[in-house]
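The values are calculated or read from the model by the stated rules, or taken from the named source; none is laboratory data. Nothing here was measured: the structure is a model prediction, and the numbers come from that model. Positions of Cβ are generated from backbone atoms using ideal geometry, with glycine treated the same way; all protein chains shown enter the neighbour counts. These area figures cover heavy atoms from the full protein model, side chains too; ligands, DNA and RNA do not enter into them. Shrake-Rupley method; radii C 1.70, N 1.55, O 1.52, S 1.80 Å.
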Amino acid sequence: MIAILIKYLLPMFSADRTLQIADWLSRHQSLWQARPFYESEPRWAAQYPHLYNTLLTASDADIQHARVNPDFHLQWLSQYLPSLGELIPLLHLPPVADYGHGSGSPHFPVGIPGRKWAQIQAFMRSIKPGSELLDWCCGKGHLLRSLCHCKNCRGEGLEWQAPLANDGNALARKWQLDCHIHNGDALHEDTAGLLKANSHVIALHACGDLHTHLLDLIAQHKVAAISLAPCCYHLSKHSHYVWRSKTLQHLPWQADIHTLRLCVEESVTAPRQQLIAQAQLQAWRLGFNALYEAQTGTPPPQPEPRLNMTIIKQGFVDFCHTRAQDSGITLPANLNFDHWQAQGEALQHRVQRLELARHLARRAMEILINADKTHYLQDQGMRAGLYQFCARQLSPRNMLIQGTHT
């Protein structure tokens, strides 16, 4: 009873707060619309000269600390962009209601990656025991099975990859759990039949169109509750995010794919070697782009072709020849590739610094997009709020949209 009372005392995300965040983002569009990788000089440099000079002259230690510590990043640069003082208090999200993560066999998590299991445990705290669940885009159903095993829930899952659905059902049978995963496409209209009046729909890190389509279905088919942790906002067939709520429908600007990608540029889970490889590839791309412009007198064509990370095993010289072939040019035989590789590394040093200005809007943009979805549920008559369900160190995608019909 106490847990239920706490749940309903949790504040809903207010339209006033959402509009304050939208206003800050509107006033600072030059910062978050900049693309330092493609722009030698950002448009905002003259508008915010102290911020610009600080980023280019700060110590490497401060720059690196700001790149991995969002709180330090915002507080440090608020000295040079005072309007951050308005924004920072708006970025705090309340914790979700805590129903506990239940109990179960210590052997149950075997086969679930450690970080994934920790995320599942954090998410499970937001779900009442005994709920009738529908796990949207559930993979092997780790979350669904965990709730059925640990919190006496029951329900169904939906997964479009048949091997994953089959594996999840085999594990459910092994543990004698009351749940079943359907093999199907979450974007197909037939899946609406899974939404029932007593369903508590759950989705842990459902990507892009998969979760926005779910919200649109819920607007048409009443369910008891939803607990949604969105992810990968940029994975969409649309060129921009469509504002859904009455609160933001008249916002005069849109979040395009590049802006949606900004929301997920913070990572605390990628292996160190992967981050090193990504940084090396970025420097090589910048080096080739500078080489291309020197050879042709024009910027390289966009969009650039998608490159497999294994290309870095070939070395910078082969990388340039591959990119030159893709771009339709022939490189001279006497090129000094060491010069262009060093040029790329110098450009990357500058890009990483200027990106910190763009990243000032990263959390605010993600909150605004999820607040829009929260208000959209409120528009459908649900009591809905936006919360934090786990620490950033466990997952930067730690926002939970939770709504109930009362």
Where does each of 17, 353, 27, 383 land when they are ordered by accessible area, with a 1.4 Å probe and the largest first? 27, 383, 17, 353
Can you run phi through the Karplus equation (6.51, -1.76, 1.60; θ = phi - 60°) for the range 163-180 and list ³J(HN,Hα) in whole Hz, with x for Gly and Pro? x, 5, 4, 5, 4, x, 5, 5, 5, 5, 5, 4, 9, 6, 9, 8, 7, 8
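If you put +1 on each Lys and Arg Cβ and -1 on each Asp and Glu Cβ, how big is the dipole of the range 11-104 around its Cα centre, in Debye rounded to 20? Spell out each step's value before the answer.
Values: 5 positive and 9 negative charges, 35 e Å.
Once rounded to the nearest 20, the dipole reads 160 debye.
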Extension gain (nm, one decimal) between residue 26 and residue 69, 0.36 nm per residue minus Cα-Cα: 13.0 nm
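Take every DSSP beta bridge with both residues inside the range 144-261 and express the antiparallel ones as a percent of the total, to the nearest 5. Intermediate results must be reported in sequence, preceding the final value.
On the way: 2 of 14 bridges.
Percentage antiparallel, nearest 5: 15.
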For the range 187-250, with +1 on Lys and Arg beta carbons and -1 on Asp and Glu, the positive-most of 210, 249, 200 along the dipole: 249
How much accessible surface does residue 322 have with a 1.4 Å probe, in Å² rounded to 10? 50 Å²
Share of Cα-Cα pairs in the range 131-213 lying beyond 16 Å, as whole percent: 46 percent
So what's the angle, to the nearest 10 degrees on a 0 to 90 scale, between helix 142-151 and the longest Cα principal axis of the chain? 40 degrees
Leaving ligands, DNA and RNA out of it, work out the accessible area of residue 142 with a 1.4 Å probe and give it in Å² to the nearest 10. 30 Å²
What whole number of Å gives the distance from the Cα centroid of the range 187-216 to the Cα centroid of the range 234-262? 19 Å
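Relative to the Cα centre, what is the charge dipole magnitude of the range 147-262, using +1 at the beta carbon of each Lys and Arg, -1 at the beta carbon of each Asp and Glu, and rounding to the nearest 20 debye? Write down the numbers at each step before the final one.
Values: 10 positive and 10 negative charges, 78 e Å.
Its charge dipole is roughly 380 debye.
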Give me the accessible area of residue 241, 1.4 Å probe, in Å² rounded to the nearest 10. 20 Å²
Give the residue from 322, 367, 385 lying farthest towards the positive end of the charge dipole for the range 317-388; charges sit on Cβ (+1 for Lys and Arg, -1 for Asp and Glu) and the dipole is referred to the Cα centre. 385
Find how many whole Å separate the alpha carbon centroid of the range 346-383 from the alpha carbon centroid of the range 294-345. 32 Å
Using the scaling law 2.2 N^0.38 Å as the reference, what is the normalised Cα Rg of the range 13-82? 1.25
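Based on the Cα gyration tensor of the range 251-353, what are the three equivalent ellipsoid semi-axes, each the root of five times an eigenvalue, rounded to whole Å and given largest first?
Numbers: eigenvalues 136, 68, 33 Å².
Those come to 26, 18, 13 Å.
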What nm value, rounded to one decimal, do you get for the distance between residue 132 and residue 61 when each label is placed 7 Å out toward the C-beta? 6.0 nm
Tell me the angle of helix 362-379 to the major Cα principal axis of the chain, expressed in degrees between 0 and 90 and rounded to the nearest ten. 30 degrees
Helix 208-220: inclination vs the chain longest Cα principal axis, degrees, rounded to 10, gives 40 degrees
Below 8 Å, C-alpha to C-alpha, sequence gap of six or more: please give me the relative contact order for the range 197-339 in percent. 16 percent
By accessible area of protein heavy atoms, probe 1.4 Å, what ranking do 306, 358 get, highest first? 306, 358
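Among 387-396, 59-68, how do they line up from the highest to the lowest mean number of other beta-carbon atoms within 10 Å?
Working: 387-396: 18.0, 59-68: 13.4.
By packing density, highest mean first, the sequence is 387-396, 59-68.
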Treat every Asp and Glu Cβ in the chain as -1 and every Lys and Arg Cβ as +1, leave all other atoms uncharged, and give the resulting dipole magnitude about the Cα centre to the nearest 20 debye. 940 debye
Could you give the distance between the Cα centres of the range 104-128 and the range 14-83, to the whole Å? 37 Å
Proximal charge balance of residue 405 [Cβ under 10 Å; K/R count +1, D/E count -1]: +2
